[in-house]
Number of protein chains: 2
Amino acid sequence: MKHVRIGIIGAGTVGTGLIQIIKEKATTVLHRSGININITKICDTSPNIKERFQDYNITSNYKEITEDKEIDLVVELVGGTGIAYTIVKSALENSKTVVTANKALLSEKGAELFDLAKKNNVEIGYEASVGGTIPVIRSIKTGLIANDFKGIYGILNGTTNFILTKMEEEDLDYLTALRIAQELGFAEKDPTFDVEGIDTAHKVSLLAGIAFGRKIDIKSMYVEGISNISKSEIITAKNLGYRIKLLGICKNNNGKIEAQVQPTMVPLEHSLASVRNEMNAIFLDTDFSGPLMFSGKGAGSLPTASAVLSDIVFYGSRIGNVTEFSENNIFPEANLTPHGQEMGRYYIRFNTLDRPGVLAEISHLLGKNGVSISTVRQDESPKEPVEVIIITHRCKESFVREAIKEIDSLPIIKSKSVIVRLEELG
Amino acid sequence: MKHVRIGIIGAGTVGTGLIQIIKEKATTVLHRSGININITKICDTSPNIKERFQDYNITSNYKEITEDKEIDLVVELVGGTGIAYTIVKSALENSKTVVTANKALLSEKGAELFDLAKKNNVEIGYEASVGGTIPVIRSIKTGLIANDFKGIYGILNGTTNFILTKMEEEDLDYLTALRIAQELGFAEKDPTFDVEGIDTAHKVSLLAGIAFGRKIDIKSMYVEGISNISKSEIITAKNLGYRIKLLGICKNNNGKIEAQVQPTMVPLEHSLASVRNEMNAIFLDTDFSGPLMFSGKGAGSLPTASAVLSDIVFYGSRIGNVTEFSENNIFPEANLTPHGQEMGRYYIRFNTLDRPGVLAEISHLLGKNGVSISTVRQDESPKEPVEVIIITHRCKESFVREAIKEIDSLPIIKSKSVIVRLEELG
C-alpha cells in the first residue's frame, strides 16, 4: 500500500464529483491499485464551502495546500489561465505532483510548467484535459507507445457536437440549437470559447504534443467554429453521404505538422459520424496499430472526475520514482504547415441567380485557380438564389479560398459562399 | 534509463512483427519511456529461423530463455494451451515477468498462472490478448480505475465481424463469405474456433475478470457462433434498423454476472454497428464515466505486436518494483446467471405455411410462455414458407426458447425458427 495525500483546489463541478468518487471508491481503488488516497485539504473560496464539505479540512488560501508539507499531490480544478497558473506554479515549486483538467493552461503555459515540473522532479497529469473521461492521453503515451501517428481527428468539444446533432436530428437552425444547449447546461451563457473552436484548439495542441512530440501555439492554428453552419449544409451533407462535425485535426506529413479546427464533413459510415450529442471521440491513424477510435463523455462532473482520479492513482504511484521513467512533455516548436497550404477536399455552396452560364463561370474560375471538381449538384428551385453545391477533388485549401474570393465578387452570386472541409478518413 | 532484456518465444506472425517494431522503434520507445529494450534471445523451432534472424541469438529450446539469468522478461507468442502453458510456467517459476497474447491460455489456466506470478513477485501482461491493438485492458485497469462496470459488449473476433460485414455489404451467404475470409487470411482453414464463438468467449472471460473481478469458466457460458446466420436475418435486421454483430457480452447486475457470446442485433445508429470488416470494438457501460467505446484492429502482425510492446514497456518498467503496486488478477468464481435466466429482447423468424390462423397460434404460444410481442412483420410472399418476424419485449430468454420449442412442433412450421438477441445498448 502506498499513501497519496492530496489537496484539491477548486470544488466546483469537477471538484465536487472528485470528492464524491473518492468517498465512494477509495477502497475499490486501493484494492485495484495499492494506492490509498487521502484528501488532506480542500481549497475553495465560495461562501458555503465549509457547510458543503463538513468532514474535510477546508481553506480559502491555495498556499495552505501548495506549501503544505503533508501533501504529496495537488489537484488543480480552478480552470482558466489566471490564478490557476499561479497555483500550479506554486505547487510545482514546492515539489508537488500536479493533476489538472485545465487544457487552456497547459496549451498556453505548458512549456514553462512542464519544465518547472522536471526541475522539481515531479510530474503533471492531465488526462481529463482532453476527451474528458476517455483515457486517450494514457493510451497514446503507453498503449500505443510503439506508434508514430499520421493523423488525429477529434470531436473534442461536447457543446458543439450537441448543437450539430440537434440541428440535424430535430431540424433546427444554429441559434435555436444553441439556446437548447444553454438551457440544458451543455453550453455556457457566453458560448464563444466552445462554438468558435477555441476549446477544441487547446485540446488539439495538447494531443499534437503527446502524439507528435511537437509544440503548437494555437495562435498559429487555423480555428473556425460552427456558428456559420446552416441547416442547408447539414441537410446537403446528409444527402451526399456525410455528416458535419467540428473536428480538431492534426496530421504529420514527414515532420510537417498540419493543425486546424474546422467544421468537417465525415462519411456517414465512419465511426466518427455516429458520435452523437455531447459525446467526444478521437480517431487516430497510426503506423503500426492502424486506425483506432475512442469515444466517451467529454465533460460532466463524474466523467471528468473519473479521469482526474485515474491520474491521481497513476502519478501518485510514481511519486518519489519519477526520475527514472519520467515522461517527456517538453517539445520543440512544430514545423507547422501555414494555413491554406494543406491539401484537402472541400464542399462549397454557391448562392447564385438562376441564369444561363452560371455554372460555366463558376467552374471556369475554379479551374483557373487549380481546383478540380468531383461532384456538382444543382436542384430545381422555385425561387432565387439557387444553390449550386460543388465537391472538389483533393487540392490546396488556398486554391479553393482564392477561387471563392473571385467567384463571390461576380454579380451572379447573391451571398457569401460557404466552404466546409471534407475528410474521407481512410 | 532502465534496461529490459527480453526473450521472445515464438517467431510466427506476431513474433516477427514484434522483432520488426523493436528494431525500428527501440530509440523512440526509449525516448518516450526511459525503457531500453534488448532482445537477448529468440526461440523458435522452425527450420529457417537462423537465416531469418541473423542478427539475433537463436535457440530452439525454450528453457534457454526461461532459465536464462540474463533475461528479465519472457514474451510468449506460441499460442494455444499446450507447450505455451509449460513455457509460461517455467518463466514464472524462474521469476521472469511474462508478456503474452494468449487468451486461451489465460482464460483456461489464468488462476494458476497469476497465482504463480504472485508467488514469484512478477507479473503477466496480456494487453494483446483482448481487442488486439486496442489498449482496452490498460484502460480498464488504469484510466477507468474509479469505475464499476455495468456491462461490456465486445466485437472481439475479427474473422466473424469480417464475415458478417461481407454478408451484408456484398449480399453473400455465410459459406461464400467464409470462403472469402479464408482466401484473404482472415479465417483459418478450420474456422471453428472463431466462427463458433470460442475465441470471443475466452476474451469475455478475461474482460469479466478485469472489469468485475470475477473468474468465469467459458464452459459455464452460453456460446453461440454465426454459422446459423442467414442472409434473411442480415437483411431483415437492416430493415428493422439493426445490424447483426457477434457480441461477447458480460453484465453485472448487483453481483450477479451474466456472460454470453451470441449473434446480436445492435441499433444501426449505435457506434458498435459502424465497426466493419476485421475491426474489433469494446463498448463499456460504467457508473461514473458513462458509456465508452474503443475500436481498432483486433489481429494482425504489427497491430498485435504493438500491444505486446506496450506491455513490455509497462511491465518492464515495473520489474523489481512489483510488490508495492502489483495488480490483482486473482479472482473469486463469478456468481453466474444460468443461461436462459438473463433478460433481453429477441428477434424471431418463423417459417410458416400461409394459412389463416397462423399468427394467432404463434402469438398464443408466445403469450402462454410469458413472451410479449413488440413488433410483428409479415410481408406478402409469392411462395411458401412465409416468413413471420417477431420482435419481443424484454423477457427471460428461457421463455422465448420454450415458446419456440412448442411453436416449432406445430404442423404449420416448415423449418426451425431462428432467434437472435437484440441489444438496445442504452
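Points to keep in mind about this one:
- Residue-count net charge about residue B:90 - beta-carbon cut-off 13 Å; Lys, Arg +1, Asp, Glu -1: -2
- Taking the range A:176-271 and dividing mean pair separation by its residue count, relative contact order in percent (alpha carbons under 8 Å, at least six apart): 26
- The mean number of Cβ atoms from other chains found within 10 Å of a Cβ in peptide B:298-305 is 3, as a whole number.
- Between 0 and 90°, nearest 10: helix A:174-183 axis offset from chain A longest Cα axis: 20
- Take residue B:36, push a point 7 Å out from Cα through the beta-carbon direction, and compare it with the same point in every other copy: 3.8 nm, smallest first.
- Given charges at Cβ of Lys, Arg, Asp, Glu: the range B:343-422 dipole, positive-most of B:364, B:419, B:353: B:419
- Applying 1/(1 + (r/R0)^6) with r as the Cβ-Cβ distance of residue B:230 and residue B:253 and R0 = 45 angstrom yields a FRET efficiency of 0.90.
- When the Cα positions of B:155, B:216, B:268 are compared along the charge dipole of the range B:136-297, B:216 comes out farthest toward the positive end, with charges on each C-beta of Lys, Arg, Asp and Glu.
- The range A:251-329 and the range B:37-51 have Cα centres spaced 36 Å apart.
- Shielding by partners for peptide A:264-271, expressed as the average number of C-beta atoms from other protein chains within 10 Å of each residue's C-beta, is 2.
- Distance between modelled label sites at residue A:377 and residue B:360, nm, 7 Å Cα→Cβ extension: 5.1
- Net charge dipole size for the range A:136-297 [Lys, Arg +1 and Asp, Glu -1 on Cβ; Debye, nearest 20]: 560
- For the range A:313-426, averaging the sequence separation of C-alpha pairs within contact (under 8 Å, six or more residues apart) and dividing by the residue count gives a relative contact order of 37 percent.
- Acute angle (nearest 10 degrees) that the helix B:198-212 long axis makes with the longest principal axis of chain B, alpha-carbon atoms: 70
- Figure legend: label point modelled 7 angstrom from the Cα of residue B:24 along Cα→Cβ; residues of the range A:280-322 with amide N under 11 Å from it are A:287-290.
- Dipole in debye (nearest 20) - chain A, about Cα centre, beta carbon charges: Lys, Arg +1; Asp, Glu -1: 500
- Residue exposure sequence - A:269, B:123 - by fewest surrounding Cβ within 10 Å: A:269, B:123
- Chain B, relative contact order in percent, only Cα pairs under 8 angstrom and at least six apart counted: 16
- Using a 7 Å Cα-to-Cβ projection, residue B:54 label spacings across copies, nm, ascending: 7.9
- Copy-to-copy label separations for residue B:1, where each label sits 7 Å from Cα toward Cβ, in nm and ascending: 3.9
- Order of B:233, B:384 under a 10 Å beta carbon neighbour criterion, fewest first: B:384, B:233
- Within 10 Å of the Cβ of each residue in B:133-140, the mean number of Cβ atoms contributed by other protein chains is 6.
- Distance from the range A:192-224 to the range B:333-354 (C-alpha centre basis), Å: 49
- Residues B:392, A:304, ranked from the fewest to the most other C-beta atoms within 10 Å, line up as B:392, A:304.
Where a number appears in this text, it was derived from the coordinates with a stated rule and is not lab data. Worth saying up front: this structure is predicted, and the values here are computed from it rather than measured. Don't worry about glycine lacking a Cβ; one is built from the backbone with ideal geometry, like all the others, and counts go over all protein chains shown.
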